[in-house]
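Heads up, the thing below is written out as structure tokens.
Each value in this text was obtained by applying a stated rule to the coordinates, not by laboratory testing. Keep in mind it's a predicted model, so treat the numbers as computed, not measured. Cβ: placed from backbone, ideal geometry, glycine included. Neighbour counts: every protein chain shown.
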Amino acid sequence: MQPELYTCSLDPDTRTSLKMYLFENVQNVSEIRNNIMKGIWNCAVIKPSLILDPFQVAVAANKAVVSGKYNSMVTRTVFAEILYNLSLTKNISQSLSKFGIETDQDLLICFVVTAEKDDSKEILPQIEGKQRPINELGKFTNLKEIKSVYKLNNLKSDENLLDVIVSRMVTKNFVSH
Amino acid sequence: MVEELKLYKQGAEAKLYICNYIGKPTLIKERFKKNYRHPDLDLSITKDRIKNEARSIVRCKAAGVLTPSLYLVDFDRRRIYMHHYEKNITVKDFIINISNLCKGNESYSLDLITKIIGETVRKLHENNIIHGDLTTSNMLLVPKNENEDNWMEKNDYELVMIDFGLSYVDSSVEDKGVDLYVLERALISTHNDYPELFGKILEAYKNYSKNNIKEILSKFEDVRARGRKRTMVG
């Protein structure tokens, strides 16, 4: 059976895990956006075209929950922080518009869950789109866009792109890339 | 759920732990507090070293030098979380045990490894990365192919540079000369049974790129004549 979702434990001190699902042809994108921006839904939606591997989101989410624990978040919610951490710029609104969705119909939706609290069961049925197994993410990835966003065009080789991406993401607060 | 950290190594500056973190084998480098330093100074030194280390690791990747990937840089806990190569051997241990590890192939292996080291150090310097602590303990060999069990014997490995805590970015030939000198001294003291190592490394260093090489080598000769510290006269 193909895995529907991607899940992994985040920093043990935060006692949280990440759950991520892939959807295509979503019809109620603006409703989803509104619910997230108003804080009604606790989740993040991400453009799948800019994600090379689910681990990239795991690193961003992990940094977000760790910052949350130490009160050093740059944005107001852990979910906005995930989008901010994915981007290399320190400009919050640019980060959100780059990695969040506007009119796109394909999306990744992420939840940060604990043993006590998991919002995914309530929210997932309200996504009007077709769920795809997470290992089909590659079909949605746009390598050219990724290379431009993460400034990867001058690299010596295309091996280990994911390594370069996550290493740049976690150092953006003190290195200019 | 308690964090299970296994102490892996302990150095003068930091403790290394290994664990599974966000689903990956991870090495945590924790720079512990030094009680003999003023707390403010201690914090700022630690922060600077963490930044230097992370900055150089990222810069190396763009230069095509393998380094462990960074998963989290955490100033609050004084830690860098990075990829842990589960199969690895330091170049130091590899060379010391080379007669057992590469039976019959010894001289081929030494030629190969010195070539890789020379080229890698050259790549660092071409990108103005000064490592600051070039020793064979700060170089790891890892298998190219994870599933190959005889990777050492078959010389099927890649070189990963580690421990960038003393590194910085500088374009001067002086600092590159000193970096080479540190490596030469380290090789002499660790591998005195293979006196030809440094010469071979320097040969590969020269051949990899001609850019600025004369100046670097002549600076290296200066440093060799006077020692690592610049004389402070006048």
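What the table shows:
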quantity	calculated
Trypsin sites (Lys or Arg not before Pro) lying in DSSP loop within region A:116-163, provided at most 14 other Cβ fall within 10 Å	A:117, A:151, A:156
Among B:46, B:97, B:60 the positive-end extreme of the charge dipole of region B:21-107 (Cβ point charges)	B:46
Shape call, chain B: gyration tensor on alpha carbons, a/c limit 1.5	oblate
Ranking of B:228, B:59 by count of other Cβ atoms within 10 Å, fewest first	B:228, B:59
Cut-off 20 Å (backbone N to label point 7 Å along Cα→Cβ of residue A:115), residues of region A:1-37	A:7-19
Within a Gaussian network of chain B (alpha carbon springs, distance under 10 Å), most fluctuating of B:119, B:203, B:148	B:148
Mean residue ellipticity (222 nm) of chain B, computed from DSSP H runs ≥ 4 via -39,500 (n - 2.57), nearest 500	-14000 deg cm²/dmol
Euclidean distance of C-alpha centroids, region B:163-225 and region B:102-116, integer Å	20
Fewest-first sequence of B:22, A:46 by Cβ atoms within 10 Å of each Cβ	B:22, A:46
Gaussian network model of chain A, springs between alpha carbon atoms under 10 Å - residue of A:137, A:155, A:22 with greatest fluctuation	A:155
Cα centroid separation, region A:129-161 to region A:47-93 (Å)	17
